[in-house]
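These notes concern the structure reproduced below.
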């Protein structure tokens, strides 16, 4: 019955998608007519539109493109944002297909009567090809139309599921911590329509009658019998890590039943920097557990943002930097710019630049004639963060620290590629050697470039604050990195990133 319902929903969704694509195509035609100011367009021009190859090509190619990106598969646990990304890709692929079909076909849109036509904008006029204009308008309209339609469709389904309709019944294999997390997660997200019916113990036989408020009907030895008697729509396999060797046997038994199978790995998301992905190399499945989120096109876009931001920052803040340099010079002997070794992406070392904020002294515990760190202090040979009202800080240095103006020279580090505008703050190699043993997951911060500002900093975790909290925010940033996230942090830095009570 549920499979039939799914087929019905898919059929309705295909029809709705076809109507939306046709409506977007018609809207692009109407906009073209209005922009080009045809003297008469109804009904003569409308008849031309109905017969045009654009409409005939767009609908089937659009449906095939949507199907290609898996948007007709029953994935109740897919987020709306994830679906939006796939819809945009499908719309762009559809337009490429339409363009190719019209170019190859005999009655190409590029040879329709009435193109090119003169268009006047202000005091200037130019020739605009009517067909190309319509294609351009459709390229802009189609993704938005499909997103709006898909949102309404998903919201409607979620409302029905919250009210107990269109549910899918789930069996969870595993009664340990992981299995209980699966049950609680599905119960919280009622919009998925996934309802836990019963548990199957990860032991050979059931050791308790219920788990997380649901009955435990048996153990792994009873798996096939239970699936025969109590037929679920999907099975979630949540075996503890210590029973990883049992996974192959469990999956072999599940292969005998026509149910959807989801595997929930016993890995805490706290230590996973981003969503896992599955790829294949010559038939060998590969699970990507950890990799830099800025690899590939993402890294290029982040680098472009860094260069543009660094150049703009140097131009805007250059008068302030010159004034600060003058004040540092008159505050006492020593260099204006302080350099120190820090660690960035992949453990690479670089020299960070900051305005000197401390009295110039030599650190005899390390090497002669080397100034002590303006951010940290050395006690007993071990680096530590500066204290509040530290006597080594100059008067102007105290103001620079509180206003974060001492960080402005790091725009040069960003321009050189050593740092990014946004990322976890860079640490000294000595501190990293200490923290990597004491704090699990600390080294995941180095999967992205160190930054001038970051998610931890704008949330108040600067200077003398909880290292645990700072690490949690840094790992959240690494796991959820996107260019939009960087732009959000840069915007919030204007209001939260410069002055803070812990900056001293």
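Odds and ends about this structure:
Results for (1) assigned by TED's automatic domain parsing to the domain that holds residue 403; (2) modelled with pLDDT under 75, shown as yes or no for each residue.
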residue: 461; (1), (2): yes, no
residue: 464; (1), (2): yes, yes
residue: 472; (1), (2): yes, no
residue: 476; (1), (2): yes, no
residue: 482; (1), (2): yes, no
residue: 486; (1), (2): yes, no
residue: 501; (1), (2): no, yes
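- Summed over segment 346-371, residues that are outside any loop (DSSP other than H, G, I, E, B) and either closer than 19 Å to residue 409 by Cα or at pLDDT below 70 (or both) total 10.
- Which listed residue, of 475, 483, is under 15 Å from the mean Cα position of the chain (by Cα), in contact (Cβ under 8 Å) with a residue 60 or more places away in the chain and crowded, with 21+ Cβ neighbours inside 10 Å: 475
- Test: residue 228 is in the same structural domain as residue 258 (by TED's automatic domain parsing) and surrounded by 15 or more Cβ atoms within 10 Å (Cβ to Cβ): no
- Sole exception among (1) out of contact with any helix residue (DSSP H, G or I) (no Cβ under 7 Å at 6 or more places or on another chain); (2) surrounded by fewer than 18 Cβ atoms within 10 Å (Cβ to Cβ); (3) under 30 Å from residue 26 (Cβ atoms) for residue 157, by number: (2)
- For segment 412-433, filtering for residues that are surrounded by fewer than 24 Cβ atoms within 10 Å (Cβ to Cβ) and assigned to a loop (DSSP other than H, G, I, E, B) leaves 4.
- For segment 387-405, the condition holds for no residue, the condition being that it is under 23 Å from residue 349 (Cα atoms) and either part of a helix (DSSP H, G or I) or at pLDDT below 80 (or both).
- Of all residues in segment 30-72, those being modelled with pLDDT of 70 or more and part of a loop (DSSP other than H, G, I, E, B) number 4.
- Selection within segment 252-270 - out of contact with any strand residue (DSSP E or B) (no Cβ under 7 Å at 6 or more places or on another chain), assigned to a helix (DSSP H, G or I) and closer than 19 Å to residue 221 by Cα: 252, 253
The values are calculated or read from the model by the stated rules, or taken from the named source; none is laboratory data. Note that the coordinates shown come from a computational prediction; the quantities given were computed from them, not determined experimentally. Using ideal geometry, Cβ is built from the backbone for each residue, glycine included, and neighbour counts are taken over all protein chains shown.
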